[in-house]
Every structure is written in C-alpha cells, then in structure tokens.
Ligand SMILES: Cc1cc2nc3c(=O)[nH]c(=O)nc-3n(C[C@H](O)[C@H](O)[C@H](O)COP(=O)(O)O)c2cc1C
C-alpha cells in the first residue's frame, strides 16, 4: 500500500498528462475527459451515422484532452440498445475512423469503450440466449432483467475473441485508447462480481477466478495490439450493494493488472447498481471518493467521475491527489462549447 502524496498545488485542469506506460509517448493536452455516453445515434445494425459523427465533433468542442466514444458492442449477442454503436465487424471501420478523425481534429485523444452487455441485454434484442457467467439475473432497482444462460467453455473462448478482435479494430480505426467496460453491471462486471458470478470452474470461485476473464482478455489484447495504443478499464470503485465488490476487492484487482502491466489507465465508476449518484453522496464528484481510495493503492493514472461541473472542483481534486483526470459527462453533453468557455477558455 502506497502512502498518500501531499497536495500538489501546481496541478490544474490545464496540466498536460504524459502517459508513461507506453513505448511510444502519448500526451493528453489537459486533465478533462469526456466519458463514454451512449448517444443512440447508430443505425439499427450499429453503424455510425452522420448524426454520430456530428455528435462527437460537438463533444470535442469541449476542449477535453480525451474524448471517449460510447459503449460499443463487440458482438450482437451483447447489444443492449436498438440504436447502439457496434465494433463487431470490419465493415464498421470507415464510420469509426471518421469519429476518431473528428476527435483528433479538435486536438483531443480519442478513446472507445468496448462492451458485451451479457445479462443486461434482452432476448428481444439479441434473438438468442443472454450470455453470462452464471444463470443469475443482474440485480437492479428500476427494472427486472431476464435470467441469462451460463456460458460454456467454448463460449468463453468466443467471448474473449470478440473483445480482442474489436480492440484490434479500434486500433485500426485510429483510436488512441481502448477501454473495456467492466462497470455498471455490464458483461465484464458480471464476471467480476460475486453477486453474478457463482461459477465453480477457473472463471469463478474466488477473487482470482472471477478476475480471470478480464485478465485473459487484457493479456490477449496486449499480445496482439500495437504498442501505441493505451488500454483502459472502467471498473466499479466498489459495488454499493450487499455482497458485491468491496473497495479492497477492486484494489486487489487493480494491483494484479498493474503488476502484470495489463492496463495503462483506470476509469473508476460504479458497479451493478449503475452510474447514478449513490444514496448519501452529495455535491460534485459523487464517485470521486472511490477513485481517490483506489489511487492511493496504485501508480496507474486514475479517472474520477460523478456530477463534476466546475474548474475549481477539478483543480482541487487534482491538487489533493484524488485523481489524474476528471470525467465530465452531463455538464459537457448539455453544451460543450459553453462548458469550454466557462472552464477551459
Ligand atoms: C446519456 C448517458 C449515456 C451514458 N452511457 C454510458 C456508456 O456508454 N458507458 C459508460 O461507461 N457510462 C455511460 N454513462 C455514464 C457516464 O459515463 C458518467 O459516468 C455519468 O454520466 C456520470 O458522470 P456525470 O455526472 O458527469 O454525467 C452514460 C451517461 C449518460 C448521461
């Protein structure tokens, strides 16, 4: 466990970040991140439309150093919305490349989030059984999910291949960062959480078993993708539900990923309950305490999120060492150019 660093008042929202874990240097011009946010602008087969490109061109007007493209499904068995973006086949590359170019043209680094929704999908959307670690419906307050099918060993190998091939596509489309979505109750989160993974084979049964799916996918991506690409994971800082992932479970996982050099960036959000404000968390940065806790245990750069709006809050969080990047979702979505004028002029 590392000791906490003293406040560093020279850090601010405008300080560039130089990623160290890369053979090729990669810099983000500032500490502001647009997190992945589903835009529902894709066509019904997951192709980028002109509305999708316009949407990301607009988000990049925020001046953020990194703009993430929304959760994009790696296979049609893992889609969770009718207008969701896909990265499941090579014919998606021209559209995705256009988004990456639009983000780069604004001076930002381009990231894209890969997802398989698993038990958070619907059989109506997938036209087949929902693929998950165990036949357990994803617990949620606001809706009842279907009971998914437990994946066989053959399906596990396919599932890994979908992620690895999609990461390769992200690189070919020109994205600087590939993020695996292992938060908000989606597929990879279901593998990590003791509430949804109750397998007794090597992909379940204890922390290491439950982490194995994520670790193996990252390892395969590292082995096959280029050195210029950064790998990020969106993780729950903890699951705010009884019996779910604890902060120390997540710290242990991040330690494992860091020691094996499997990731370059940790994006800290929430787990099975979804990304919204947990009860009792008030003010800006409602999930930042979880990011800050994790940051004390790792040398990897950390993104914090949750209701952040103001430049003052970002500067304070950076100077306190709570995070390395602040993700601003809804405040930027509302009016990217106005947000920039107020916070990053
Ligand atoms: C419209 C919308 C779509 C979202 N889609 C995603 C997504 O695709 N992937 C993801 O990890 N989080 C998604 N989120 C969560 C955001 O990335 C972010 O964590 C959340 O909005 C909290 O940040 P904020 O308070 O700054 O908006 C979405 C949020 C919104 C508002």
Most exposed first, judged by fewest Cβ atoms within 10 angstrom, 153, 298 run 153, 298
Note to self: C-alpha centroids of region 287-345 and region 141-162 sit apart, in Å, by 33
The chain: antiparallel bridges as % of DSSP beta bridges, rounded to 5, reads 10
By Cβ neighbour count within 10 Å, fewest first, 73, 286, 159 rank 286, 159, 73
Ranked by GNM mean-square fluctuation in the chain (Cα springs under 10 Å), the top entry among 154, 171, 239 is 154
Across 72, 80, 44, the residue with the highest GNM fluctuation in the chain (Cα network, 10 Å cutoff) is 44
Mean-square fluctuation maximum in Gaussian network of the chain, Cα pairs under 10 Å, restricted to 145, 175, 325, hits 145
Rg/Rh over Cα atoms for region 38-191, Kirkwood Rh, comes to 0.98
In cubic angstrom per residue, the convex hull of the chain built on its Cα atoms measures 124
Label model pair residue 220, residue 338: point-to-point distance (7 angstrom along the Cα→beta-carbon line) in nm is 4.6
Once normalised by the length of region 17-343, the mean sequence separation of its alpha carbon contacts under 8 Å that are 6 or more apart gives a contact order in percent of 16
Taking R0 as 51 Å and r as the Cβ-Cβ distance between residue 45 and residue 202, the FRET efficiency 1/(1 + (r/R0)^6), rounded to the nearest 0.05, comes to 0.90
Ranked on Cβ counts within 10 Å of their own Cβ, fewest leading, 212, 13 go 212, 13
Label model pair residue 155, residue 246: point-to-point distance (7 angstrom along the Cα→beta-carbon line) in nm is 3.1
Note on region 1-144: contact order normalised by length, alpha-carbon pairs under 8 Å, 6 or more apart, percent, works out to 22
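Taken together, the values in this text are just the output of simple stated rules run on the coordinates, not laboratory data. Please read all numbers here as calculations on a predicted model, not as lab measurements. Because the Cβ atoms are built from the backbone with ideal geometry, glycine has one as well, and the counts that use them run over all protein chains shown.
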